[in-house]
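Here is the structure we will look at, set down as structure tokens.
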Amino acid sequence: MSKHTLYELKLPSLGEGIKSATVVEWLVKEGDMVQVDDDLLEIATDKATFNVPSEHKGQLKKIAVKAGEDIVIGGKLAIIEEA
Amino acid sequence: MTNYLCQFLDWGLISYQDAYQRQKELVDKVSRNDPQKLIVCEHPAVLTCGRTSKPGNLLVNEEILKSRGIEVLRVDRGGDITLHSPGQMVIYPIFDLNFYGRDLHVFLRKLEQVVIDLLSDFDIVAIRIPGKTGVWVGGKKIASIGIGVRKWVSFHGVGLNIDTELSLFSVMRPCGLDVEMTSLARIKATSIDKIKLVSRLKENFRREFNLTFG
């Protein structure tokens with residue numbers, strides 16, 4: 001059984017009054033190894049796009065929100081297994 | 001109040017793609033604490049489709065446009081389709097949003113404010129329309145805004161029509177809206193003093209974003 005810690009990648013706060021955003025595209029796929037600060041996906045709100053970085057080093061285990069779908073601030077985007 | 005160092009760069013007439021590459025290099029530098037950059041330039045005629053573009057908003061076949069030397073590019077800014085062409089002042093602020101509250105919408109509103117204040121310096125009353133990012137004069141759109149943010153550093157920016165050939169906009173629904181575009185020269189019915197324009201632009205950016213140019 002894996003003893004590695006699982007982390008949830010959450011949509012960070014993008015500013016006061018912004019309640020949700022739309023996932024534009026994933027820049028990595030399930031199974032990829034990611035580093036701290038790697039851009040993992042691009043999201044859009046109003047006339048702005050934003051790349052969400054990883055806060056952990058590890059393997060992207062599962063993508064929870066697909067391109068084109070909306071997600072609330074603080075919502076789970078993916079699961080990363082710490083390496 | 002803290003002032004933030006900013007370099008002003010005038011790239012003149014430059015292709016959209018070259019300006020994009022240069023912006024990305026500067027985003028990297030600013031994210032590593034280089035002074036912020038305020039860039040102005042103009043692009044040869046080009047249509048760009050932002051991340052939330054809908055296919056129906058380009059009203060003319062891409063091949064026909066290409067035969068006239070107008071490319072259609074998919075780009076990583078927010079928003080729908082827009083046109084750049086000579087006579088439009090393109091403004092690219094490569095700013096660190098950590099200085100301005102890490103708020104994407106506040107940043108958009110501040111860019112609108114700079115344009116509103118700039119137009120006021122030319123005795124033009126311009127407004128925002130809630131839910132329709134950009135700057136408007138008498139129901140017509142004069143400035144379009146769409147940004148990208150990477151590591152909390154902004155790129156892309158504002159297209160402000162100075163003496164743009166407005167008929168070119170007829171090939172699309174700008175920003176996916178049924179709107180009429182206007183320009184500073186159209187409103188003033190006179191040629192525009194571009195030296196005054198750039199100097200007022202810098203001054204309004206300085207005030208809105210607490211900048212020190214160096």
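Residues that are more than 14 Å from every other protein chain (Cβ to nearest Cβ) and loosely packed, with under 15 Cβ neighbours inside 10 Å within the range B:30-54 comprise B:ASN33, B:PRO44, listed in sequence order.
Going by the structure shown, is A:LYS3 of a type in the set (Lys, Arg), more than 12 Å from every other protein chain (Cβ to nearest Cβ) and in a strand (DSSP E or B)? Steps first, please.
Values: of a type in the set (Lys, Arg): yes; more than 12 Å from every other protein chain (Cβ to nearest Cβ): yes; in a strand (DSSP E or B): no.
So A:LYS3 fails the test.
Go through the range B:100-124 and count every residue that is more than 14 Å from chain A (Cβ to nearest Cβ), over 16 Å from B:GLY157 (Cβ atoms) and not charged (D, E, K, R). Result for the range B:100-124: 4. Could you please give the count of residues in the range A:18-38 that are assigned to a strand (DSSP E or B) and at the interface with chain B (Cβ under 7 Å from one of its Cβ atoms)? Of the residues in the range A:18-38, 1 are assigned to a strand (DSSP E or B) and at the interface with chain B (Cβ under 7 Å from one of its Cβ atoms). Whether any residue in the range A:3-16 is free of Cβ contacts under 8 Å to residues at least 12 places away in the same chain and either surrounded by fewer than 18 Cβ atoms within 10 Å (Cβ to Cβ) or hydroxyl-bearing (Ser, Thr, Tyr) (or both) is what I want to check. Within the range A:3-16 (the criterion being free of Cβ contacts under 8 Å to residues at least 12 places away in the same chain and either surrounded by fewer than 18 Cβ atoms within 10 Å (Cβ to Cβ) or hydroxyl-bearing (Ser, Thr, Tyr) (or both)), the answer is yes, since at least one residue qualifies. Only a single criterion out of (1) at pLDDT below 95; (2) polar (S, T, N, Q); (3) within 17 Å of the chain's Cα centre (by Cα) is not satisfied by B:SER191, namely (3). Out of the residues in the range B:125-158 meeting the condition of being without any contact (Cβ under 8 Å) to a residue 24 or more places away in the chain and loosely packed, with under 15 Cβ neighbours inside 10 Å, tell me which one is farthest from the other protein chains (Cβ to nearest Cβ). It comes out as B:VAL125.
Checked against the criterion of being within 30 Å of B:LEU59 (Cα to Cα), acidic (Asp, Glu) and surrounded by fewer than 18 Cβ atoms within 10 Å (Cβ to Cβ), the range B:169-185 has at least one qualifying residue.
The values are calculated or read from the model by the stated rules, or taken from the named source; none is laboratory data. Please read all numbers here as calculations on a predicted model, not as lab measurements. All Cβ positions, glycine included, derive from the backbone under ideal geometry; neighbour counts span all protein chains shown.
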